[in-house]
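The values are calculated or read from the model by the stated rules, or taken from the named source; none is laboratory data. The structure presented is a predicted model; accordingly, all values stated were derived computationally and were not measured. Here Cβ is always computed from backbone atoms with ideal geometry, including for glycine, and neighbour counts include all displayed protein chains. Note: areas computed on protein heavy atoms with side chains; ligands, DNA, RNA excluded. Shrake-Rupley method; radii C 1.70, N 1.55, O 1.52, S 1.80 Å.
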Amino acid sequence: FTIKVVDENGSAVVYDNLLLGMVVNQTGVQMINGAHVLIVAVFATLSNLYSASAISREGTNFYLIKSSPVNYYKQTLAKLTFNAIFSAGAIILTGIVTAFYMDIAVVIFTTLICLFISLGHMFYSFDKDLKRPSLDWFNSDDISKINKNTTTSIVSGLILALLAGIIIIALASTNLGIWSFVILLVLSIVYCLYTAHILILRVFYQYERLE
């Protein structure tokens with residue numbers, strides 16, 4: 001995991017430094033900010049691949065876990081917590097590194113936005129795997145081949161990251177400045193709460209459905 005965090009932060013720093021090395025006007029700065037949000041959001045959502053196969057990785061052991069005295073909500077929380085800690089840690093570390101050469105307000109908003117996008121995407125990815133898990137496998141290395149949920153997670157994460165970057169860049173001509181980040185933060189919070197709500201509603205039913 002350490003290697004992955006360093007790789008994510010290093011890629012974001014190199015990309016940002018290349019952009020910041022250019023002489024740009026205010027609109028250009030906003031476009032750079034949008035590109036920064038996009039690249040951090042990409043890394044943030046890619047860190048959720050564990051949740052996209054959290055149920056499938058249990059294989060036939062899932063039925064034993066299902067019959068345990070621990071209720072389904074606690075089992076779900078336990079599976080999501082590890083992914084959330086790792087993802088949040090990577091995002092925060094990226095924010096700390098970029099704070100040395102980017103506007104601190106932009107860094108703070110970008111970190112918060114990506115945290116909520118990542119959490120919402122994590123809930124979404126887990127819900128998809130709970131809905132259609134691949135439990136019949138003999139080798140854990142085969143999961144990525146037979147489980148389409150990881151591909152869905154990657155594609156949806158890239159779309160979310162692209163939308164986040166586009167929103168910031170699209171608002172560049174409106175002179176909203178930092179308010180464009182406030183708008184995106186509100187949208188990311190709404191997305192996070194929505195996916196969390198949907199997952200909570202479906203957990204019990206989806207667990208009971210799997211036989």
message = Quick check on region 40-75: of everything there that is closer than 28 Å to ALA99 by Cβ and of a type in the set (Val, Ile, Thr), which residue is surrounded by the fewest Cβ atoms within 10 Å (Cβ to Cβ)?
response = VAL42
ask   = Hey, which of the helices (runs of 4 or more DSSP H) in region 21-109, taking only ones fully inside, have at least 3 residues that are at pLDDT 75 or above?
value = 26-46, 72-98
query = Take the residues of region 174-198 that are modelled with pLDDT under 90 and over 21 Å from ILE39 (Cα atoms): which is surrounded by the most Cβ atoms within 10 Å (Cβ to Cβ)?
reply = LEU176
ask   = Looking only at region 168-193, which residues are touching a helix residue (DSSP H, G or I) at 6+ places or on another chain (Cβ under 7 Å) and within 11 Å of PHE116 (Cα to Cα)?
value = LEU184, LEU185, SER188, ILE189, TYR191, CYS192
task = Test each condition in (1) over 22 Å from MET122 (Cα atoms); (2) aliphatic (A, V, I, L, M); (3) open to solvent by 90 Å² or more (accessible area, probe 1.4 Å) for MET102 and report the one that comes out false.
result = (3)
request  = Using the structure shown, decide if ILE117 is assigned to a helix (DSSP H, G or I), modelled with pLDDT of 90 or more and either within 16 Å of LEU38 (Cα to Cα) or of a type in the set (Asp, Glu) (or both).
outcome  = yes
remark   = Across (1) under 19 Å from the mean Cα position of the chain (by Cα); (2) modelled with pLDDT under 85; (3) closer than 24 Å to ALA196 by Cα, SER144 clears everything bar (3)
